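Before any comments, here is the structure.
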Amino acid sequence: MTKKVKILIVEDEQPIAKALQLKLNHVGFEADIASDGQEALEVVDKGGYDLMILDLVMPRKDGFEVLEELSKKKKHPPVIVATNLSQEEDLARAKKLGAKDYFVKADTPIADLVVQVEKNLK
């Protein structure tokens, strides 16, 4: 039996987080939710995640702060940034801090997100 790929969804808007979780679980991943950046860092420290989907705009610690903290760790899962920000400078900043990919929440069909997830797991 193969182990399911574990994905951590870091999103403060619960309807979006739950929708992503349901869709990713439906296609065979095991997705958990952290509701802000601080919770995400606590959960990731315990290990076991193969990929993180990270919102940029959140309370407590935003996505940029999470990326900065992750960059200081020896090992962490690859990160796909989920955002409604389409400013090039924000996306460039996220990539500079270590994000592997990004998607615009309002514009990306789930099938495209699944392709991005699979691509970034390799």
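The values are calculated or read from the model by the stated rules, or taken from the named source; none is laboratory data. None of these values were measured; they are calculated from a predicted model. As a convention, Cβ positions derive from the backbone with ideal geometry for all residues, glycine included, and neighbour counts pool all protein chains shown.
At a glance:
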{"read-out": "Top-ranked residue in region 1-28 [being of a type in the set (A, V, I, L, M, F, W, C) and surrounded by fewer than 20 Cβ atoms within 10 Å (Cβ to Cβ); ranked as farthest from Pro78 (Cα to Cα)]", "value": "Met1"}
{"read-out": "Residues located in region 3-50, provided they are in contact with a helix residue (DSSP H, G or I) (Cβ under 6 Å, 6 or more places away or on another chain) and of a type in the set (Lys, Arg)", "value": "Lys23"}
{"read-out": "Residue match in region 32-44 (condition: modelled with pLDDT of 95 or more, within 24 Å of Ala106 (Cβ to Cβ) and of a type in the set (Val, Ile, Thr))", "value": "yes"}
